[in-house]
Amino acid sequence: MDWEEFRRWSEKAANWGADYRASLRDRPVRAQTSPGEIAAHIADSPPEFGESMEDIFKDFEDILVPGMTHWQHPRFFAYFPANAAPVSVVAEYLVSAIAAQCMLWQTSPSATELETKVVDWLRRALGLPDGFTGVIQDSASTATLAAVLVMREKALDWQGNGKGLTANRTVRIYSTDQVHTSIDRAIWISGIGADNLVRIPSSGPNSAMDPRALAAAIVQDRAEGQLPAGVIACVGGTSIGACDDIAAVVEVAHAHGLYVHVDAAWAGSAMICPEFRTLWQGVEQADSIVFNPHKWLGAQFDCSVQFIRDPESLVRTLAIHPEFLRTHGHDGITNYSEWSVPLGRRFRALKLWFLLRYHGLDGLRAMIRNHVAWSRTLAERLAAEPDFEIVTEPFLSLFSFDHKAPDGVDQESHTQRLVAAINNDGRIYLTQTRVGGRLVIRFQAGQFETTAEDIDVAFAAIVEIARSLPST
Ligand code: PLP
């Protein structure tokens, strides 16, 4: 591709992107295709000879776009948002064009130095004390893995990487059953093993970890010769927004010398609004915190920020220094690849810089406050409708609800069919979860372009489809 062709197709892609985003309200939110339908249109073998960009682009539009679920759709109320604010997309065009590997300071000083700055901007934005430094990881899963590896290495007196786990006492990590599955994976990958992720009971409206049960579990494990290493607390769990009492958890954990990692992957963005910070009171005492600007804040995926109080422990756990990665002649530089599991790194700070400068904290706060307010209003409106029940009250902008099955119809299958019918309808997209074993419907408002009218559409769609759902 020569540079004139590159320019032409880049312009075409940017124009396509603008048209696509502007047309989202007219599209069904979730892909309306069946499994295998898209693959059936794709050649089994790679082309032997190059094809024209016209043909490739046409197939992209005709074959692939219909099979996309539109995460940037203003009526995307499923999972958690994965917002890509238009300004962050523009930054990503530039990152793609430059395509630098930003693993070391010298492989792109701007990427490293901007990362240090914007992560500190976010620290200030979230109201965290200046004792925290941070790093941009690709995902919360990786940040949690990094934190678990630090817990393991600290507990094993830095012998785990060298000697493995079999030579040592059994490492134990504590959390409730409300944490995201990325915690389970981190426990598997770190070699600690799922049996050593101790589930502490949770209770109350926030399904918060019982700090006394935590203390008792640590004491008992020690008495049995095991090695308590760390606690993973959550603020805004994925299912229903469970929220641990961070101050209480940290107090117990630190009294026993344990490392505390806080997963606020989704809810962390809300902490740019001072009024929500009581939800994670005590977080300033945590050792590690992860939040995903690629969820609610608007920085295009991937962009997960991990704040740490002691970066030395992280670097001691993860850094490795072959000669080919050394930077000679520069003392005091930061090589962020030493702070993360992958070596290669994208220039992720740029989209944060564009996002924060374009919208300002004030603009982003307004978005988040709207989502929280609209979600509460929707929960109130549904609660006032006959046969609707709010199962878990809104935590920030997330709540769960159910609709009573007609007499003689199994409740679980009714709920399941209602979710499917709503998503097949296409006006909105939402998902289900389980609360105490019961299947319920989950709603979160968080998409960057959502308006109050979109919430009205959600209300109308939910009520209308629930009322007209056939009984089998
Ligand atoms: N933690 C929580 C609370 C989440 O909700 C999610 C994803 O939804 C994750 C962690 C994993 O995030 P990531 O996809 O960045 O690994």
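The values are calculated or read from the model by the stated rules, or taken from the named source; none is laboratory data. Note that the structure is predicted; figures quoted are calculated from it, not measured. In this analysis, Cβ positions are derived from the backbone assuming ideal geometry, glycine residues included, and neighbour counts consider all displayed protein chains. The protein model used for the area step is the full one, side chains on, heavy atoms only, and it has no ligands, DNA or RNA in it. Shrake-Rupley method; radii C 1.70, N 1.55, O 1.52, S 1.80 Å.
Below is a table of values for the structure above.
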read-out: The range 101-346: relative contact order in percent, alpha carbon pairs under 8 Å with at least 6 residues between; value: 26
read-out: Carbon + sulfur, % of accessible area of the chain - ligands and nucleic acids excluded, 1.4 Å; value: 53
read-out: Residues Ala194 and Thr451, FRET efficiency given R0 of 35 Å [Cβ-Cβ distance, rounded to 0.05]; value: 0.20
read-out: Relative frequency of Cα-Cα separations exceeding 16 Å in the range 404-466, percent; value: 49
read-out: Cα-based Lys pair tally, the chain, threshold under 19 Å, eight or more apart or on separate chains; value: 4
read-out: Listed peptides 412-425, 296-309 by packing density, highest first (mean Cβ within 10 Å); value: 296-309, 412-425
read-out: Fraction of alpha-carbon pairs over 29 Å apart in the chain - percent; value: 55
read-out: Loop GluC sites (Glu not before Pro), the range 54-161 (other Cβ atoms within 10 Å of the site Cβ: 12 or fewer; DSSP); value: none
read-out: Kirkwood hydrodynamic radius of the range 101-346, Cα pairs, Å; value: 18.2
read-out: The chain, accessible area per residue, ligands and nucleic acids excluded (1.4 Å, Å²); value: 46
read-out: Estimated [θ] at 222 nm from DSSP helical runs (n ≥ 4, -39500 (n - 2.57)) normalised by residues in the chain, nearest 500; value: -12500 deg cm²/dmol
